[in-house]
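Written out below as structure tokens is the structure these notes cover.
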Ligand SMILES: [Zn+2]
């Protein structure tokens, strides 16, 4: 066996400090082309890796050959071209918990960014594209209604959801800010912030439903949770649909929310 030293690395989320520095400069009419380029490229790398994970592939760290992500736990990835290989577990840890896994809806704007950045001719165009990416919302459509999930920025920049939202809300705009950026910001605010109050309402509904669930079902789920069989618990929670015709969340979202609520109640 030809075990190799090279390990797989993934593009990190972009630092909020650097983004803030960029916005301050843009708001005061100082187009720092190098900084725009640096951040545009960091987002580009991040988007590329998000798409890689979504399409279940990765780049060989030695020869950059694109390889399929192992489907089964325990199956070690290896490169047919250069002989690189790695054990599955440390390989899995290279991307686990890094906010790289997203769903279909997220890949739209990500792919858009990847195809449009190389077409941008001026720093301003790049800046508008960066701004569109960080102010995009994760959305999905169900029964003809669009729901906004969360700011996509969480996948692209460091920080937890509340930190990222506060950060985006407080980005500086000045007399020299580009009008497109202001428009994008207003649109983001409309979509995203209204969502947060909606989410609260939906959560209350879900909480109410949990409370009115049959005790056997609830006990069963709680046992699964204590035994750390979360996936099974989530699957079981799909039964929730029988108890509600009005909650418009997708199944998985309801299940996840409920797992969270029940976990909290168990503490
Ligand atoms: Zn290789």
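The values are calculated or read from the model by the stated rules, or taken from the named source; none is laboratory data. Note that this is a predicted model, so its numbers are computed, not measured. We place every Cβ from the backbone using ideal geometry, glycine too, and count neighbours over all the protein chains shown.
A few comments on the model shown:
- Failed condition for residue 83, given (1) within 25 Å of residue 155 (Cβ to Cβ); (2) within 16 Å of the ligand (Cβ to nearest atom): (1)
- Test: residue in the stretch 96-105 that is touching a strand residue (DSSP E or B) at 6+ places or on another chain (Cβ under 7 Å), more than 15 Å from residue 156 (Cβ to Cβ) and more than 16 Å from the ligand (Cβ to nearest atom): no
- Pair list, Cβ under 9 Å, 6 or more apart: the stretch 71-83 residue more than 14 Å from residue 7 (Cβ to Cβ), other residue at pLDDT below 90 and within 10 Å of the ligand (Cβ to nearest atom): 82/4; 83/4
- Considering residues of the stretch 60-71 that are more than 16 Å from residue 101 (Cα to Cα) and outside any loop (DSSP other than H, G, I, E, B) only, the residue farthest from the ligand (Cβ to nearest atom): 66
- The residues on offer are 10, 84, and the sole one that is over 15 Å from the mean Cα position of the chain (by Cα) and surrounded by 14 or more Cβ atoms within 10 Å (Cβ to Cβ) is 84.
- Entry remark, the stretch 108-141: residues being crowded, with 19+ Cβ neighbours inside 10 Å and either touching a strand residue (DSSP E or B) at 6+ places or on another chain (Cβ under 6 Å) or assigned to a strand (DSSP E or B) (or both) number 2 in total.
- Unique match (being modelled with pLDDT under 90, touching a helix residue (DSSP H, G or I) at 6+ places or on another chain (Cβ under 9 Å) and more than 16 Å from the ligand (Cβ to nearest atom)) among 54, 113, 44: 54
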